[in-house]
Protein chains: 2
Amino acid sequence: MLYAGFMSTAPPSSPTPQEPVDHPELLQLGTTLEGDEPCLRADAARNRARLLEAAGRLVAERGAEAVTMEAVAAEACVGKGTVFRRFGDRTGLLTALLDHSEKKFQAAFLGGPPPLGPGAPPVERLRAFGCAMLRRSTDDLDLQLAAEPGANRRFVAPARRVLRHHIEMLLRQAVPDADCDLLSHALMGQLDPALIHHLSRQCGIPLARLEAAWVDLVDRVTGAGATCR
Amino acid sequence: MLYAGFMSTAPPSSPTPQEPVDHPELLQLGTTLEGDEPCLRADAARNRARLLEAAGRLVAERGAEAVTMEAVAAEACVGKGTVFRRFGDRTGLLTALLDHSEKKFQAAFLGGPPPLGPGAPPVERLRAFGCAMLRRSTDDLDLQLAAEPGANRRFVAPARRVLRHHIEMLLRQAVPDADCDLLSHALMGQLDPALIHHLSRQCGIPLARLEAAWVDLVDRVTGAGATCR
DNA sequence: ATGAGATCCGGACCGAGGTCCGTTTAACGT
DNA sequence: ACGTTAAACGGACCTCGGTCCGGATCTCAT
């Protein structure tokens, strides 16, 4: 249990009361954000609760896409500015809504019983982890999608389809007995432009290492490379 | 070369002149979209060219994020409605801008010389494909990012970081000699909520198959399962 | 050439996310 | 109690993506 302090998704920390941050995406990068609620003022805490409750009501009654910042503000009898100050942006609000189930899940794989929690061999824990995530996704999936703008379109873009089909075709030749349709998505994920940007420009990982990682991934997936691993 | 007709990314096809489509994301799902320019009217073609040129100018001069629909319209001396009718939405416009290099790339891996094109063994082609994509991304990466709303934030969301760190830790135990940092991204990709949504709800793939694919992926990546593949 | 009709154009309009700043109010020391 | 101050509030305001429809324009058959 190494990083027990990193757990919280950052609803109350993005627009932290310390300094008026103008670029919320920059700070939640390195901050440790330990205490969940950094001692909000009484009215602030009250409004925060009101807002979350109002947002939850809206989701329940009219679906995730009805969660408009103005609608939430109105439902909570609060000014629009308050919503943004507290949650930063729409994604922040939705993320805060997801926070509860998120934490429960984190607790399960960080400290719960095996095979999800510690105690089982790592490969078994990996298997369990993925299956747990898959099952969890069936619950609050629309909320998670709504929290990520443009999530629907990502996998229907024609260009992407061509690339994935190509990978799938090659996979079918290399490992005919596998579920190449689904396997190809894993490979595609490693080539996602957003990921490449994040790794190469934000993390400073050199191209050579990315290429090496790709080749290694291909070898592992297809069973090439070492004859026996 | 199975699907030579699928190649074009769909700039002129989304708001095709045939029928006034109100939901552009729905149609480019099953359509075959063969002819690139379905015989636009003269003025329409002229404006389309103008708009692409204007958008290109804006990207070159002021970066991808300056490509506002209104700005493009103004730069091209054209009404805003025209931009939307032609390209559907902002993503469509940016995609159309990327179309040229996209097609070049597609031609390279569909019909070019090995190892990228046909002729080499599939595993080798896969390796080459990934490396080519990685290199290609360094060129028009900002454009590709701009074409996908919210692409920057996707990998800095705190919740995601925790999940990925967990995978990475388990991977480190299972395959200590691998580049677990990067490998974990591939596994994370397979659990992306947007992907799950696409596969399970849009493609109708049952949960059991997704779970099986995940377990298989873990086994392949970690070298578990069969002792020798 | 010309008229009919489909197609396209343009910009007013709308909704929603996000910002700003003058005003209000909770917290705390005296 | 009361004054001070930092923080929170609220809603007007801005920008931008996306829609709509009356009017201009192109195409084609005659």
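The values are calculated or read from the model by the stated rules, or taken from the named source; none is laboratory data. Values in this document were obtained by computation on a predicted structure and should not be read as measured data. Every residue, glycine among them, receives a Cβ derived from its backbone with ideal geometry; neighbour counts consider all protein chains shown.
Tally the residues that are touching a Lys or Arg at 6+ places or on another chain (Cβ under 8 Å) and farther than 16 Å from A:THR95 by Cβ, restricting the search to the range A:123-154. Matching residues across the range A:123-154 total 1.
Scanning the range A:146-185 for residues that are of a type in the set (S, T, N, Q) and surrounded by fewer than 18 Cβ atoms within 10 Å (Cβ to Cβ) returns A:ASN152, A:GLN173.
Among the residues of the range B:175-195, those identified as in a helix (DSSP H, G or I) and either among the charged types (D, E, K, R) or in contact (Cβ under 8 Å) with a residue 12 or more places away in the chain (or both) are B:CYS180, B:ASP181, B:LEU183, B:SER184, B:HIS185, B:ALA186, B:LEU187, B:MET188, B:GLN190. The set of residues in the range B:203-228 being surrounded by fewer than 18 Cβ atoms within 10 Å (Cβ to Cβ) and modelled with pLDDT under 95 consists of B:GLY225, B:ALA226, B:THR227, B:CYS228.
So in the range A:153-165, with the set limited to residues that are touching a Phe, Trp or Tyr at 6+ places or on another chain (Cβ under 8 Å) and within 7 Å of chain B (Cβ to nearest Cβ), which one is modelled with the lowest pLDDT? Applying the filter and picking the extreme gives A:PRO158. Return the residues of the range B:58-99 that are within 8 Å of DNA strand C (Cβ to nearest atom) and in contact (Cβ under 8 Å) with a residue 40 or more places away in the chain; say none if nothing qualifies. Passing the criteria: B:PHE84, B:ARG85, B:ARG86. Of all residues in the range B:118-152, exactly one satisfies the criterion of being touching a Ser or Thr at 6+ places or on another chain (Cβ under 6 Å) and at the interface with another protein chain (Cβ under 8 Å from one of its Cβ atoms), namely B:VAL123.
In the range A:63-84, what residues are within 14 Å of chain B (Cβ to nearest Cβ) and either loosely packed, with under 14 Cβ neighbours inside 10 Å or near DNA strand D (Cβ under 8 Å from one of its atoms) (or both)?
Kept after step one, since they are within 14 Å of chain B (Cβ to nearest Cβ), are these residues of the range A:63-84: A:64-65.
Result: A:GLU65, single match.
The residue that is nearest to DNA strand C (Cβ to nearest atom), counting only those in the range A:33-50 that are within 26 Å of B:VAL162 (Cα to Cα) and in contact with a helix residue (DSSP H, G or I) (Cβ under 8 Å, 6 or more places away or on another chain), is A:LEU40.
Considering the range B:91-117 alone, what residues qualify as being more than 9 Å from chain A (Cβ to nearest Cβ), more than 27 Å from B:GLY63 (Cβ to Cβ) and touching a helix residue (DSSP H, G or I) at 6+ places or on another chain (Cβ under 9 Å)? Spell out how you get there, then give the answer.
First pass over the range B:91-117, keeping only residues more than 9 Å from chain A (Cβ to nearest Cβ): B:92-94, B:96-97, B:100-101, B:103-104, B:107-108, B:111-117.
Checking the rest, the ones that are also more than 27 Å from B:GLY63 (Cβ to Cβ) come to B:107-108, B:111-117.
Selection gives B:ALA108, B:GLY111, B:PRO114, B:PRO115, B:LEU116, B:GLY117.
Please verify whether the range B:133-141 includes one or more residues that are modelled with pLDDT of 95 or more, farther than 22 Å from A:GLY150 by Cα and not basic (Lys, Arg). Within the range B:133-141, one or more residues are modelled with pLDDT of 95 or more, farther than 22 Å from A:GLY150 by Cα and not basic (Lys, Arg). Contact map, the range B:140-164: residues that are in the same structural domain as B:CYS180 (by TED's automatic domain parsing) paired with residues that are of a type in the set (Phe, Trp, Tyr), Cβ distance under 8 Å, separation 6+ or inter-chain. Pairs shown: B:PRO158/A:PHE6; B:ARG161/A:PHE6; B:VAL162/A:TYR3; B:VAL162/A:PHE6. Taking residues in the range B:200-225 that are more than 8 Å from chain A (Cβ to nearest Cβ), and partners anywhere that are of a type in the set (Gly, Ala, Ser) and in a helix (DSSP H, G or I), the pairs with Cβ atoms closer than 8 Å and at least 6 places apart or on different chains are B:PRO206/B:SER200.
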